[in-house]
Amino acid sequence: MGWLGGTSSSPSPLWGGSLVEDERGGGPSSQIAATPLPNPPPQGGREHAVPAVSDDKSPRPITLLIAALGGEGGGVLSNWIVAAAAKAGFPVQSTSIPGVAQRTGATTYYVEILPVQTSELGGKRPVLALTPGVGDIDIAVASELLEAGRTVSAGFVTRDRTHLIASTSRFYAMDEKIAMGDGRFDQDKLMGAIAEHARDALLIDMDALAKQSGSIINAVMLGAIAGSGRLPLTVEQFEAAIRDDGKALDANLRGFRAGYDAARAKAAPVKAPEGKTRAAATQEALEQDVADTIPAAAQDIVREGVRRLVPYQSVAYARLYLDRLVPIVEADAEAGLQGRLLREVARHLAVRMSYEDVVRVAQAKIAPARMERIAREELRAKNEPYSVHDFLKPGFEELTQLLPPALARPILALAERKGWLGRVYFGMEINTTSISGYLRFLLLAKMRAIRPYGIRYVQEQEQIESWLGLIVEAALRAPDLALEIAECARLIKGYGDTHARGVANYRAIEGRVIRPALDGALPTDRAADAVASARTAALVDPEGESLARCLDQIEAVRPLAEAAE
């Protein structure tokens, strides 16, 4: 930060856009909107300490870096902070790089606040930095956990200086969504990186708070910033900035208060249940069983599995989930895996048991949370009428999912003989917000009661039981092989052609690698690597060509290994 003397009549403090003065004493230059790149701090630059005073006793600005996603109102958030600081009498400046709108791109905002009243500067005017520097950030704020991880990775978050405020919620990147298997980034690693690099961290579920308060996440972020107490601004000054903005006052103030209260409490508030029903009490009993019977290393995963399966099907179905884990608990203990196998199987089993079918699709289409999200985030509708049209294209497999096997198999056999499977689809457009459209989806969603009698349910349960049996058998011989077989569940997901390809790939690996290994035809010490290689090949190539080559190579090596023995 530099100083310009004199009594220039140009605005002070500098705020609201990236305004700088040139050396010729002219007015401010054009507004800057460039990507804040990690710049190394200059020699003899700012002291890496939280107090805003450097070695030469000159004031040092508080640096704030905001990482958000397009469509979350990050620009409005930075404007609120700038307005609050300016009204409080502090010199302040912000720069930004807008991302692509509607949550398809990252956005970055950089704010510097000099914690000294303009009236106390003796006519001097500070020149504030335009871009954040590596190791030079006092407060980093992220609207999403992966964005917080990117901020850490870029070097902006440092152990001796940076206070990190971030949401624990995730909005999955495109690479995560299009992966053939589970392409999600490891949340535990993100949390670990934050804990390792930040001076301290305030982690709350801002997305959940925004939904509960009926606001946008930027208001919750502002509340969390205020609640952290890291800026020399009062709650009233932040709220005044929201009011002066004059837009969606009630919603933004509710979101601000939700974020502020959560930050002060150091945890997101838990929403109280509204009227416990018999089903809820039974679910609570299942969760108590988890605490009593499941090793501590896997209780969090198993508990989430129960919470996923009760609304998906029923309490009895969640009980089946726990019963299926009993042999896995025993196998994990006998193999000495300390919960590793149990955690992986519990996670994949919950996903496999909540497979995607027509009932699941119908439930998702009319979910109140979906309608609220569309109105709030995509349409920006505020007490205005709107309609949502869903386009579906079911084939014979989807249309017969709920039919008993005795009825479904002849229909599917006929469709296969005629060449209709995978080729003939029935396109339809449904106005989900209309009475008729909503009732159509509602009727389909209510058919979950007959789901256990349908052919898809029968097929899925048979495949699950076979997969679990292979895991238990492998755990007694080669624990590493059991872990790799558990991971093969990543191949099976979705519905339609995607599901069919995943099942076919898994069956190929099972028939040509897993079962030969368990039968002794393939050395168990090499089987784990072979399964991992085949699974990876299947995930990177949806068409199956890479998997076919990999399996051929594994089978070509097998005779050589037997001859060597």
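What the table shows:
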{"item": "Verdict on Glu473 being touching a residue at least 60 places away in the same chain (Cβ under 8 Å) and either part of a helix (DSSP H, G or I) or of a type in the set (A, V, I, L, M) (or both)", "result": "no"}
{"item": "Within region 414-449, tally of residues that are open to solvent by 20 Å² or more (accessible area, probe 1.4 Å), in a helix (DSSP H, G or I) and more than 30 Å from Ile374 (Cα to Cα)", "result": "3"}
{"item": "Pairs, first farther than 21 Å from Trp420 by Cβ and at pLDDT 90 or above in region 375-404, second of a type in the set (A, V, I, L, M, F, W, C) and part of a strand (DSSP E or B), C-beta under 9 Å, six or more apart", "result": "His389/Ile430; Asp390/Met428; Asp390/Ile430"}
{"item": "Residue among Lys365, Lys418 that is closer than 30 Å to Gly73 by Cβ and modelled with pLDDT of 90 or more", "result": "Lys365"}
{"item": "Filter result for the condition that a residue is surrounded by fewer than 16 Cβ atoms within 10 Å (Cβ to Cβ), aliphatic (A, V, I, L, M) and modelled with pLDDT of 85 or more, over Ala537, Ala504, Ala528", "result": "Ala504"}
{"item": "Boolean, Gln338 is outside any helix (DSSP H, G or I) and not charged (D, E, K, R)", "result": "yes"}
{"item": "Counted residues, region 498-520 - those being polar (S, T, N, Q) and under 26 Å from the mean Cα position of the chain (by Cα)", "result": "1"}
{"item": "Arg340 of a type outside the set (A, V, I, L, M), farther than 24 Å from Phe441 by Cα and within 24 Å of the chain's Cα centre (by Cα)", "result": "yes"}
{"item": "Answer residue from region 338-355, given it is crowded, with 20+ Cβ neighbours inside 10 Å and of a type in the set (A, V, I, L, M, F, W, C) and is farthest from Tyr457 (Cα to Cα) among those", "result": "Leu341"}
{"item": "Hits in region 300-336 (condition: of a type in the set (A, V, I, L, M, F, W, C), open to solvent by less than 30 Å² (accessible area, probe 1.4 Å) and within 25 Å of the chain's Cα centre (by Cα))", "result": "Val302, Val306, Leu309, Val310, Ala318"}
{"item": "Residue match in region 453-466 (condition: in contact (Cβ under 8 Å) with a residue 24 or more places away in the chain, among the polar types (S, T, N, Q), outside any helix (DSSP H, G or I) and surrounded by 14 or more Cβ atoms within 10 Å (Cβ to Cβ))", "result": "no"}
{"item": "Residue ID - modelled with the lowest pLDDT, chosen from residues in region 271-299 that are surrounded by 15 or more Cβ atoms within 10 Å (Cβ to Cβ) and not acidic (Asp, Glu)", "result": "Thr282"}
{"item": "Residues satisfying the stated conditions in region 540-565, i.e. hydrophobic (A, V, I, L, M, F, W, C), at pLDDT below 80 and either in contact with a Gly (Cβ under 8 Å, 6 or more places away or on another chain) or open to solvent by less than 60 Å² (accessible area, probe 1.4 Å) (or both)", "result": "Ala561"}
{"item": "Among the candidates Tyr453, Tyr495, residue that is more than 29 Å from the chain's Cα centre (by Cα) and either modelled with pLDDT under 90 or aromatic (Phe, Trp, Tyr) (or both)", "result": "Tyr453"}
{"item": "Hits in region 104-123 (condition: buried (at least 18 other Cβ atoms within 10 Å of the Cβ), at pLDDT below 85 and not β-branched (Val, Ile, Thr))", "result": "Ala106"}
{"item": "All positions within region 132-144 that are part of a loop (DSSP other than H, G, I, E, B), under 17 Å from Thr63 (Cβ atoms) and open to solvent by less than 10 Å² (accessible area, probe 1.4 Å)", "result": "Pro132, Gly135, Ile137, Asp138"}
{"item": "Leading residue by the ranking (nearest to Gly427 (Cα to Cα)) among those in region 368-394 that are part of a strand (DSSP E or B) and either aliphatic (A, V, I, L, M) or open to solvent by 60 Å² or more (accessible area, probe 1.4 Å) (or both)", "result": "Leu392"}
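The values are calculated or read from the model by the stated rules, or taken from the named source; none is laboratory data. All values reported here derive from a predicted model rather than from experimental measurement. When we count neighbours, we look across all protein chains shown, and the Cβ atoms used for this are built from the backbone with ideal geometry, even at glycine. Keep in mind that these areas ignore ligands, DNA and RNA; they rest on the heavy atoms of the full protein, side chains included. Shrake-Rupley method; radii C 1.70, N 1.55, O 1.52, S 1.80 Å.
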